[in-house]
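Readers should treat all values here as calculations from the given coordinates under stated rules, not as data from a laboratory. Note that this is a predicted model, so its numbers are computed, not measured. Note that each Cβ is placed from the backbone with ideal geometry, even for glycine, and that neighbours are counted across all protein chains shown.
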Amino acid sequence: MATSISRPESKSRTPEDGIARRLLDSAAQLSYDPLTEVDWETPLDEDFHGASPEWSTLYGTPYWEELSEAQRKALTRQEAASVASTGIWFEMILQQMVLRDIYAKDPTDDTFQWALTEIADECRHSIMFARGAKKLQAPAYRPHRVAVELGRVFKTVAFGEAAYAAILVAEEVLDVMQRDWMRDERVVPFVRTINNIHVVEESRHMKFAREETRRHLARAGRVRRQVHALLIAVASYVIVTSMVSRKVYANAGLDEERAVREAKANEHHKSMMRSSCSGLMEFLTSVGLLTRPALYFYKRADLI
Ligand SMILES: [Fe+2]
Ligand SMILES: [Fe+2]
């Protein structure tokens, strides 16, 4: 018979503490150590894709039709590495925002402890993405200089719903593509494992980000809501347009100019992004963050 252990500390003091308690319990039951879970030893098999080809920025373009299977695979491997590198950039930003948010708060709160757990997850994820990109034989892909500097400002000043909704956007955009890649047998096995680990652990982060966004917004006035709605939309635009570096094409042996031109006009990729973000847009609408100025940026980023 199972012994029941009394845990007086598990009594939640606030509703958000109740959510944090459940997330902590879930993390205790299912978390991964990528250093031991991912197959880092087997050499890269170039017969595999790095991502589901349908997610390639060139899929469906005339250029894609001209590529050999080997070139397509080389391209999706560079694209997957670029997404992983951009993922590290997001995670650096969000770790700092979460750490700033809990500064000097009550360490006995479940919310405080959950926030540190999330930071620890992200720290492991970033190491995992870094190793993954290296194993995909990719160079260091960094966002455009302007994006790097905007990120530097944002992570230093963003607070409340602006911070948590931006975190949510980055996590949601990654989530849908990674769900496809983790199930796809055309994708190289170690990348599938990386995506599986990320999807499982990020589902808890997204729950927390939604709750924190709602909670902060409940106390926000009209002006603050308007300003933050726009700020979140601009952040989303920067996040989405930074996902795949333009350098991936040359590194996969393609003509960079032509590839960038066709990728920018790729309606297939735009519709993949739109359909994957429908749940996110529903959430932003439900909390009143899809204002008219914000909508302009979501449309420009092809998220809606
Ligand atoms: Fe992560
Ligand atoms: Fe996360």
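Scanning region 261-280 for residues that are closer than 14 Å to Ser245 by Cα and surrounded by fewer than 16 Cβ atoms within 10 Å (Cβ to Cβ) yields Arg261, Lys264. Among the helices (runs of 4 or more DSSP H) confined to region 56-138, the ones with at least 1 residues that are over 14 Å from the mean Cα position of the chain (by Cα) and closer than 27 Å to Tyr32 by Cβ are located at 69-102, 110-135. In this structure, Thr213 does not qualify as touching a residue at least 24 places away in the same chain (Cβ under 8 Å), of a type outside the set (Asp, Glu) and within 16 Å of ligand 1 (Cβ to nearest atom).
Ser85 fulfils the conditions (1) crowded, with 21+ Cβ neighbours inside 10 Å; (2) more than 19 Å from Val238 (Cβ to Cβ); (3) away from ligand 2 (no atom under 12 Å from the Cβ) except for a single criterion, (2).
For first residues located in region 159-183 and crowded, with 24+ Cβ neighbours inside 10 Å, partners that are not in a helix (DSSP H, G or I) and lie 6+ apart or on another chain with Cβ distances below 6 Å form the pairs Trp181/Ala51; Trp181/Ser52; Trp181/Val187. Taking the criterion of being within 13 Å of the chain's Cα centre (by Cα) and more than 9 Å from ligand 2 (Cβ to nearest atom), the residues of region 169-193 that qualify are Val169, Glu172, Val173, Asp175, Val176, Met177, Gln178, Arg179. Within region 96-121, the residues that satisfy the criterion of being closer than 17 Å to Pro15 by Cβ and either within 12 Å of ligand 2 (Cβ to nearest atom) or in contact with a Phe, Trp or Tyr (Cβ under 7 Å, 6 or more places away or on another chain) (or both) are Lys105, Asp106, Trp114, Ala115. Residues in region 113-158 that are away from ligand 1 (no atom under 16 Å from the Cβ), touching a residue at least 40 places away in the same chain (Cβ under 8 Å) and hydrophobic (A, V, I, L, M, F, W, C): Leu136, Ala138, Ala140, Ala147, Val148, Leu150, Phe154, Ala158.
Condition check: touching a residue at least 24 places away in the same chain (Cβ under 8 Å), within 16 Å of ligand 1 (Cβ to nearest atom) and within 21 Å of Phe112 (Cα to Cα). Does Glu201 satisfy that? Full working, then the answer.
Details: touching a residue at least 24 places away in the same chain (Cβ under 8 Å): yes; within 16 Å of ligand 1 (Cβ to nearest atom): yes; within 21 Å of Phe112 (Cα to Cα): yes.
Criteria met by Glu201.
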